[in-house]
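Participant: Here's a structure for you.
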Amino acid sequence: MRLTIPAILFAVVAPYAAPSTAHPESTPAYVTAALNAPGRKEDAANDARRQAAAVMTFAGVKSGQSVLELVPGEGYWTRIFSGIVGAQGHVYTVWPNEMGKYDTKSLATWQGLVKTPGYANVSILQQPAASLSSPAPVDVVFTCQNYHDYHDKFMGPVDMAAFDKQVYGVLKPGGVFMVIDHVAPAGSGFADTDTLHRVDPEAVKKEVQAAGFVFDGESDALKNPADPHTNKVFDPSIRGKTDQFIFRFRKPAQ
């Protein structure tokens, strides 16, 4: 379980295209502006490590769009999303009831943050992990280092086939589901989600596609070939620099 989870990313900006691995692109001005927003001094210290510019560029989220972020933690990604979508957009942050029981400090902190003047376009949704819903259809569903948590017993357990269909259901046609998580050894499936807090990327890909999503590309911005994939993500030798996959799935427009 990942307890102090800053969470992330996306938008519908182009027609459906063949899956690809994203290479470095120039950062759009609106992403740069959100990253340079006043009040992000503490967050900005983590931007290089989190590859914030690359992640947001790959996501393609833009002004006026809506984002549903799973488990926002202390709001690192939420604050970026808020700055990008602006006053005409909205960010729904989902706190599963089961997660809130274990991370009461982050939940309480975020309940206060969403009431501050600069975040009128952000709201918090507290609901059972197995019953995902949104007040309105969204352009992007984003999860950073949390997808593996939904497989663990403390979260329900959650029927992941049903959950991914719920994600599919809250998205607008053409919308995207962004998944970032720690890489587990190839072929391990979901065996390490509650021990190493890692997950096999290919298992995630297969599971999400089974809900009707089309795999729409991946980014190597958070890859680290030096990660042996066998250490718990909180191990001091690898914490903060794990090998992570970034997958983008798309709900067909028709």
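Participant: Using +1 at the Cβ of each Lys and Arg and -1 at the Cβ of each Asp and Glu in the range 21-250, identify which of 173, 63, 183 lies farthest towards the dipole's positive end.
Facilitator: Selected residue: 63.
Participant: Equivalent-ellipsoid semi-axes (√(5λ), Cα gyration tensor) for the range 21-250, whole Å, largest first?
Facilitator: The three semi-axes for the range 21-250 are 24, 21, 19 Å.
Participant: While we're on this one: So for 43, 192, fewest C-beta neighbours within 10 Å to most, what's the order?
Facilitator: Starting with the residue having the fewest Cβ neighbours, the order is 43, 192.
Participant: Springs between alpha-carbon pairs under 10 angstrom, Gaussian network model over the chain: which of 155, 56, 178 fluctuates most?
Facilitator: Checking each option, the largest mean-square fluctuation is seen for 155.
Participant: Could you give the nm distance between label points at residue 37 and residue 239, where each point is 7 Å from its Cα heading toward the beta carbon?
Facilitator: Each label point is offset 7 Å from its Cα along the Cβ direction, giving 2.9 nm.
Participant: Now a separate question. Rank 90, 137, 125 by how far each Cα sits towards the positive end of the charge dipole of the chain (+1 on Lys, Arg Cβ; -1 on Asp, Glu Cβ) and give me just the farthest.
Facilitator: In the chain, that residue is 90.
Participant: State, to one decimal in nm, how far the label point of residue 223 lies from the label point of residue 47, with both points 7 Å from Cα in the Cβ direction.
Facilitator: Those two pseudo-labels are separated by 2.5 nm.
Participant: Work out which helices of the chain, taken as complete DSSP H runs, extend at least 27 Å along their axis over the Cα atoms and score a mean Kyte-Doolittle of -0.5 or more, then list them.
Facilitator: The qualifying helices: there are none.
Participant: Can you sort 200, 103, 235 by how many other beta carbons sit within 10 Å, fewest first?
Facilitator: If I rank by nearby Cβ atoms, fewest first, I get 235, 103, 200.
Participant: Which of the pairs 62/165; 115/206; 41/232; 101/205; 41/172 have their Cα atoms more than 32 Å apart in this structure?
Facilitator: Violating the 32 Å Cα-Cα cut-off are 115/206; 41/172.
Participant: Still on this structure, please answer the following. Assuming 0.36 nm per residue, please report the length gained on full extension of the stretch residue 127 to residue 102 beyond their Cα-Cα distance.
Facilitator: Result for the pair: 7.5 nm of gain on full extension.
Participant: Please give me, ordered by residue number, the chymotrypsin sites (Phe, Trp or Tyr not before Pro) of the range 200-254 that lie in loop per DSSP and have at most 13 other Cβ atoms within 10 Å.
Facilitator: 234
Participant: Something else now. With +1 on each Lys and Arg Cβ and -1 on each Asp and Glu Cβ, how big is the dipole of the chain about its Cα centre, in debye rounded to the nearest 20?
Facilitator: Value, rounded to 20: 520 debye.
Participant: As a footprinting exposure proxy, order 239, 248, 50 by other Cβ within 10 Å, with the fewest listed first.
Facilitator: Going from sparsest to densest Cβ surroundings: 239, 50, 248.
Computed from the coordinates by the stated procedures, all read-outs in this text should not be read as laboratory data. These figures come from a predicted structure and were not determined experimentally. Quick reminder, even Gly has a Cβ in these numbers, built from the backbone with ideal geometry, and neighbours come from all protein chains shown.
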